[in-house]
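The next block holds one structure in the form of structure tokens; read it before the comments.
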Amino acid sequence: MGGTGCSTGQILGVFVFHLPPWNGFVPRMWNTMFYHFKTNIPHVFFKNYTFVPSRPVPSRSVPSRPVPSTYQTHPYGSIHGLPCYNQKTPTYMQGLQPSTRRYAHLVSQIITNVNIILQRAPSFNEVMLLGVWGSPFSRVEIALKLKGVKYEYVEEDLPNKTLRLRGVKAESYEEDLQNKSALLLKYNPVHKKVPVLVHNEKPIAESLVIVEYIDETWKHQGSPILPEDPYQRANARFWARFIDEKCKPGIIKAFFEKEERLKAVDEARGLLKLLENELKDNKFFGGETIGFVDIAANLIGHWLKPAQEALELGLLSKEKSPKLWDWCDEFVSVVKETLPSTDNLIGLILSRASST
Ligand SMILES: N[C@@H](CCC(=O)N[C@@H](CS)C(=O)NCC(=O)O)C(=O)O
């Protein structure tokens, strides 16, 4: 009814006009055509023609109040299962091409939905760190601070901690750490060691694994910790592992070994030299900014100088390892607010040295 598309009458009409005029068929066809035109496309012929429905139009329920456009579902439907609401086109979008506007609109919808998720889930970014004061694995805190992640710190309760911080001989750190808290046993049942990061109830253990997790999870916050390039990433992991598996035990041995101390000191110096070579001409292992290897080497950056002074050892010297020496100062200047006080650190080292 009332369509302006091609009707049967029109098609027949075109056909009929091509027939010879003397054919008596024409006048008859013309009548038929006229009938069809009158019925099917009356508005073409009669000005001010209004259609009158031949059948009753089915009634539709009309809402008593129009739904505000903000709450109407957008034609894009939903994004990731969340309803996508109409919004008035903001003025800054009005001059844009429709395709750009559509894209900008979609982006603004995603942002709105992300905000909705964050508001609906207050525990969305609940970060808890189980740690222990003076741990060389406090590198996790450095990563969290560099990324600007808010977290709750839960300290393992060590019975002799206060004594040790004052440098008083006490039960060894390791023995003290055998009193594991229920929280630690719950979140790290395999190694039963701190640090453990608990992100929205999900635990992650092993400090280097945690640092990588932080870098990936808060990718868009702060500067990247691991390099983008796969080769450089692999290289950073290699040196971080070298620090944990070779340098750290070597330095601890040199600090606390009684019988073969000179040999241990010599070996540790060799390891530190290898690390210094990796610095090349960079300010940090990560280049111009602190990266994965720098964070992994926090034991060297922060502990080495005060410890060798307290224990009267010459592990690292400005003359023999000038780059690593300067790196320690640069490192401390950037992350100093995260690091434990040097006085307490010396207390811890002296206490340990007297207990071994
Ligand atoms: N490979 C672990 C080592 C962690 C570690 O040794 N933590 C010490 C505290 S500094 C600990 O919890 N020791 C308890 C134990 O050895 O039972 C890491 O990188 O997180």
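Worth a mention:
- Set Lys150/Lys336; Lys180/Lys283; Lys202/Lys253; Lys202/Lys283; Lys263/Lys305; Lys246/Lys323 screened for pairs whose C-alpha atoms are more than 28 Å apart: Lys180/Lys283; Lys202/Lys253; Lys202/Lys283
- The listed residues Ser99, Ser223, once ranked by accessible area (1.4 Å probe) with the largest placed first, stand as Ser99, Ser223.
- Segment Trp133-Asn200, length gained on full extension (0.36 nm per residue, minus Cα span): 21.8 nm
- Note on Lys336 and Tyr153: the extension gain reaches 64.1 nm, defined as 0.36 nm multiplied by sequence separation minus the Cα-Cα distance.
- Region 187-228 and region 319-344: distance between their alpha carbon centers, rounded to Å: 23
- Take the Cα of Val114, step 7 Å toward its Cβ, do the same at Glu259, and the gap between the two points is 6.0 nm.
- Inter-site label distance for His191 and Phe238 at 7 Å from Cα along Cβ, in nm: 2.3
- In terms of accessible area, using a 1.4 Å probe and ignoring ligands and nucleic acids, Met128, Met33 rank largest first as Met128, Met33.
The values are calculated or read from the model by the stated rules, or taken from the named source; none is laboratory data. Computed from a prediction, not measured in an experiment: that's the story for all the values here. Using ideal geometry, Cβ is built from the backbone for each residue, glycine included, and neighbour counts are taken over all protein chains shown. The protein model used for the area step is the full one, side chains on, heavy atoms only, and it has no ligands, DNA or RNA in it. Shrake-Rupley method; radii C 1.70, N 1.55, O 1.52, S 1.80 Å.
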